[in-house]
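Heads up: the structure comes next, in structure tokens.
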Amino acid sequence: MLHVALANIKVYARRYIAAILAVAIGTAFLGASLAVDTSTRATLKNSVGEYYKTADLVAFRDWKSSAYGEDGDQPLTMDVLEAVRALPEVKTAYGSSSYAVNLRTDNDMYNAWLIPISPEHRYSGVNLIEGRAPMSESEATIDQKYAEQTGLGIGDQVAIEGAGEEGGLQEVRIVGLSAATNDPFKSAMMQLGVSEGSWEFLLGEGADLDEIMVNGTGDTAQTRSALQQLLGDQSVRSATVLTADEKVIADVANLTNGTEQLTMVLLIFALVALVVTGLVVMNTFAVVIAQRTRELALLRTLGAKRKQIRSSVLTEALLIGIVASAIGVAAAVGLMAGLVKLLQLMVPEMSYATLGVDWKVVAIPLLIGILMTVLAAWLPARRAMKLAPLAALRPFDAASVKNRSGRIRIVFGALLAIAGSAGLVAGALIESLPVAFLGGLLSFPGILMLASLFVPSTVYGIGKLFAGNKVAGKLAALNSVRNPGRTTATATALLIGVTLVSMIMVGGQSAKTSLNQGISEEYPIDLMVQTGVLDDSEVTRLAAIDGIAAVAPYEVTQAMINLDDGELDDSYLLVVDPQVLATVIQDESAIPQDGELVFTNWSYTESETAQVAGHDLQVKVSTASYLSNMITQNTARDLALPTDDLNGGAMLRLDDAVSANQLSDIVERIAEVLDVESASIFGGAMESAMFSQIIDVLLMIVSGLLAVAVLIALIGVANTLSLSVLERTRENALLRALGLKKKQLRSMLAVEAVLIGGVAALLGLVLGTIYGLFGAYSTLAQIGQVRFDIPWLQLALVIGVSIVAALLASLAPSRRAARLSPVEGLATE
Amino acid sequence: MSQETTVHTDYAVQARGLTKTYGHDSTRVEALKGVDVSFARSRFTAIMGPSGSGKSTLMHCLAGLDSADSGEIVIGGKNLMQLSDDQLTEMRREQIGFVFQSFNLVPTINARENILLPLALAGKKHDEQWFEQVVGILGLGDRLAHKPHELSGGQQQRVAVARALLTRPEVVFGDEPTGNLDSRTGAEVLSLLRASTREMGQTIIMVTHDPVAASYADEVLLMKDGQLVGRLAEPTVASVTDALTSLAE
């Protein structure tokens, strides 16, 4: 049957284009996610492993070993290094260290890593690019990057201050420049190379080497055991000997915990994209097989067994899976290679970025892509298998297709949806994100399984609502649900992406609003600057800055505060004018009146009065935890509390419409006026801007990742529509013959696409909003009060984009349908 | 019907010098080689001829489904050759009716909606009295709510006939309208078509290769190799069969 499958693919190649595209994008996403991980590792290997590049073995004291630092655990000293060099199995050996020392010139001082260099032993992993290695105790090398930064060069005389109790001081001349290191552990400071003798002199006898790198004379295993033997003899009990590769892997593992999480996140999104791809593939095969009913039944009549029919269909799926996955993997590798190249070009410090592609990056997406394609074709193939030979002789009526939703699927879906929803509600009630997340994870697939119950009816209902009396609209509504299973699968693919996008939009927006609310409660002042007491001209100039609505200067005093439940020594008190303060503060409870002490809740009291400098003041507790306690100017005068010109500052309120970009400008201007560092300006507005920015960036990244799934789903819409158009060639030709204009035909198909796409987006939006609100509540309720905020504009944009994209998806199929002349169309079987 | 009195005095469809060629060079087929033909109003005409004689091409061109290479076709005073696609489409839904061999009903909508489809496409209201009359003559009264797949072949074809008649078109084209029906149902449909010319004054042009079907027509046109080669008035099964046999020689 292989030749039948091949012939089918050849004949129907065009019908598979969309499916191939979808599978290719899905696998490319997966491949690229994996390649991010391997490339990060390769890049780190290239930088971390720099030091070991020429070595066979690395001996080091393993701090995870139980013997580390115990009595009798000897350090790796220069003496040990000498002993290692004396071994017959060792050709060369050198040590590395991470002692930081000071390098002094006449005017400046720099920090530097002190590296022992041995010219006889391959320069100790240091790559000299100019001059020569230090031959005596009065010579040194520095690395090129810091040579440029400091202006030091060959011939310059500098002094090195050693470290430790026995460390000495040495005058040296720079005789060589080494290449800058890419090792992230070492690149933060100057690489200062000195002779091994100097190293020991500067750090004292018994200074500890980090590692000893060894090149053997023969068999690495032999060298390794000899080295282990020697280290044991020298009582370096915590010593471990690894090959250079093993050591690099261990180091990289320490550094890549973070990237592993990144990879996990990417893989989750890749999984979403693949599920959507699966739906598109399933639909393609369902349609292609429906179109081929007669042909398949004919094969059965001619003696093909049921299994042969199925395997013929699955063979087609296999071939398509192989081709599409191969394209996808190639695209992923190409994309990553491009990104790495771009990184190398755009960011000079990342010139060591390396494309890492191992067998997993190629094999896993290839395998999963193929497997997924075959699995997605399984159900349609089963349906093909069940065809009776008689079907070949019956006229095939496209309208009579009824997909009976599997009862098991409905029951299972309902159970999942109910259990998941319960989890979602429970998660919100007990304010636990993991419980709510699990609830969402269960209920979403459950709802998707039930999609056949509500998607077609919604599509039809909305279609009828909008069609009015237009025939093309009515026909479009009918057409969009004539095969409910197909419509459901197409819409579901889009619904998944839109649900997730709108979930994070609603969740993110609610998080942003809730956090901002929390910030403004605890930090009722937009901006605050602490410097000396401001003079009138400074206040005027601040108030004149564009975007600043009001300025309230304050002074500072110190006093002992006695409360019923405790006392505060030398507590700072802000001294303010309540009328002026009221112009900048958003929270009335934080404004003191004469005779009152505003007690901000960074420490706790239940006391109603406070004794300050021998007087009783009324305590007014405020939620503003980031401010100091406050009294009025009159109170300060009455209590005879002294203020001085050095301690004071200003609180500022911003105009409502200030954006994050304008904020940084305003901060700069304030810093200019008061002649302070802009970093000394803080306040609620800064905190809000920071949080908002973080959330916005996260939302953008996640939306971008989900956009892949949405893109695949839209390919699915175009796919379903163009296959349906092929299936209905005859019917469309008939309508044309009976007087349907080309434009009407095109608009009929456009309406069909928009109905499916729009309803999927609408349902996704509703679901996503619910998930987003539950998620935000479960996460944020622990932190403080939750403010629900729905970003209507963004959600409207999602619907708009979905509808426009569905329209675009209908362009190609409807143009093809309109181009066909009625005679040709009516002649097709 | 007022048209009954003017039966032979004017023409519903006229064509002059129609040519149509398919393919290029070696695959070139001249389907129509300059056909001149007129169809009188309120007459039932059958076009016959062996396979490849060009009878289907002629009908497709006359009906505005396909375009001829040259010549002119006049229906209801308009030259089809000068119309744009949209104008042609409007022409089809207002002036021309179709009955196809394989019924060709829209499967998603019921019989009533199928019958009303051309009017709905034009956004026009139908004349309920006329609708009742047509449906009554065709005996579809109790089948109107059924979807096409719930109807027998004969019933489906009667729905198609009703659809063609409802717009009171200038002409109804039939493309082997009985090809998919058994002889009894076929005879029923043909009687209905003939009745519509007699009682409603409808002009009908039918392509067929079945001498029995052709015998229901008022006149038979014979085609061969893209040209009209003969006419038979008041045809019978025997006279049509003889004529076809002589054509094959």
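Just so it is clear, none of the values below were taken in a lab; they were calculated from the coordinates. Small disclaimer: the values here were computed from a predicted structure and weren't measured. Heads up, the Cβs are rebuilt from the backbone with ideal geometry, glycines too, and the neighbour counts pull from every protein chain shown.
I'd like the FRET efficiency for A:Thr217 and A:Ala100, computed as 1/(1 + (r/R0)^6) with the beta carbon distance as r and R0 of 35 Å, rounded to 0.05.
0.50
Tally Lys/Arg at +1 and Asp/Glu at -1 over every other residue whose Cβ is under 13 Å from the Cβ of A:Ile756; what's the total?
My count for the surroundings of A:Ile756 gives +1.
Would you grab the residues whose amide H sits under 5 Å from the one on A:Thr92? Only those 5+ places off in sequence or on another chain, please, with H modelled 1.01 Å from N.
Answer set, sorted by chain and number: A:Asn215.
Fewest Cβ neighbours within 10 Å first, please rank A:Asp219, A:Asp587 accordingly.
With the fewest neighbours first, A:Asp219, A:Asp587 line up as A:Asp219, A:Asp587.
Go through the stretch A:63-78 residue by residue and turn each phi into a ³J(HN,Hα) via Karplus (6.51, -1.76, 1.60, θ = phi - 60°); whole Hz please, and just put x for glycine and proline.
Those phi angles translate into 6, 7, 6, 5, 7, 4, x, 6, 4, x, 7, 7, x, 7, 9, 4 Hz.
With springs connecting C-alpha atoms under 10 Å apart, model chain B as a Gaussian network and identify which of B:Gly141, B:Gly226, B:Gly154 has the largest mean-square fluctuation.
B:Gly141
Mean 1/r over all different Cα pairs, inverted: what Kirkwood radius does chain B give, in Å?
Kirkwood hydrodynamic radius for chain B: 18.5 Å.
Provide the FRET efficiency to the nearest 0.05 for the B:Glu90-B:Val212 pair, computing r from the beta carbons and using R0 = 51 Å.
Using R0 = 51 Å, I get an efficiency of 0.90.
Can you give me the Cα centroid spacing of the stretch A:723-746 and the stretch A:302-339 in angstrom?
Comparing the Cα centres of the stretch A:723-746 and the stretch A:302-339, I get a distance of 32 Å.
Rg and Dmax of the protein assembly as shown over Cα atoms: what are they, in angstrom?
43.6, 135
If you wrap a convex hull around the C-alpha atoms of the stretch A:535-683 and split its volume per residue, what is the figure in Å³?
113 Å³
Which peptide among A:98-108, B:184-194 comes first, and what is the full order, when sorted by highest mean count of other Cβ atoms within 10 Å?
The densest-packed peptide leads the list: B:184-194, A:98-108.
Quick one: which of A:555-563, A:567-575 comes out on top by average Cβ neighbours within 10 Å, and what's the full order, highest first?
The densest-packed peptide leads the list: A:555-563, A:567-575.
The stretch A:459-501 to the stretch A:23-45: how many Å between their Cα centroids?
Their Cα centres are 37 Å away from one another.
For the stretch B:201-249, treating each Cα as an identical point scatterer without solvent, what Debye log10 I(q)/I(0) comes out at q = 0.32 1/Å?
With no solvent term, the Cα-only Debye profile gives -1.43.
Set the bar at 23 Å for Cα to Cα. Now go through A:Lys464/A:Lys741; A:Lys45/A:Lys91; A:Lys743/B:Lys20; A:Lys10/A:Lys741 and name every pair that lies beyond it.
A:Lys45/A:Lys91; A:Lys743/B:Lys20; A:Lys10/A:Lys741
Reachable aspartates and glutamates from B:Lys33, Cα under 17 Å, same-chain residues fewer than 8 places away excluded?
Here the aspartates and glutamates satisfying the reach criterion relative to B:Lys33 are B:Asp25, B:Asp66, B:Asp69, B:Glu72, B:Asp225.
Loop only per DSSP, at most 14 neighbouring Cβ atoms within 10 Å: give me the trypsin sites (Lys or Arg not before Pro) in the stretch A:1-94, ordered by residue number.
A:Lys53, A:Lys64
For the residue pair A:Thr540 and A:Gln782, what label-to-label distance in nm results when each label sits 7 Å from Cα along the Cα-to-beta-carbon direction?
Output for this residue pair reads 5.4 nm.
I need to check one value: relative contact order of chain B, counting alpha carbon pairs closer than 8 Å and at least 6 residues apart, in percent.
Once divided by the residue count of chain B, the mean separation gives 27 percent.
How would A:Lys307, B:Lys20 line up from fewest to most surrounding beta-carbon atoms within 10 angstrom?
Least to most surrounded, the residues fall as A:Lys307, B:Lys20.
Suppose R0 equals 60 Å. What FRET efficiency, 1/(1 + (r/R0)^6) with r the Cβ-Cβ distance, do B:Gln133 and A:Ile268 give to the nearest 0.05?
So, using R0 = 60 Å, E works out to roughly 0.35.
How many partner chain Cβ atoms sit within 10 Å of a residue's Cβ in peptide A:727-735, on average, as a whole number?
Mean inter-chain Cβ contacts per residue within 10 Å come to 3.
Between A:Asp233 and A:Ser680, what is 0.36 nm times their sequence separation minus the Cα-Cα distance? Round to one decimal in nm.
Additional length available on full extension: 155.1 nm.
With Cβ to Cβ distances under 10 Å as the rule, what net charge do the other residues near A:Leu231 carry (K, R +1; D, E -1)?
Taking every Cβ under 10 Å from that of A:Leu231, the sum is +1.
Multiply the residue gap between A:Thr150 and A:His615 by 0.36 nm, knock off their C-alpha separation, and tell me the result in nm, one decimal place.
Roughly 161.4 nm would be gained on extension.
Partner chain Cβ atoms within 10 Å, averaged over the residues of B:121-128 - can you pull that number for me?
2
Within 10 Å of each Cβ in peptide B:104-114, how many partner chain Cβ atoms are there on average? Round it to a whole number, please.
Across B:104-114, the average partner-chain Cβ count within 10 Å equals 5.
May I ask for the distance between the Cα centers of the stretch B:62-87 and the stretch A:627-678, given as a whole number of Å?
For the stretch B:62-87 versus the stretch A:627-678, the Cα centre distance is 86 Å.
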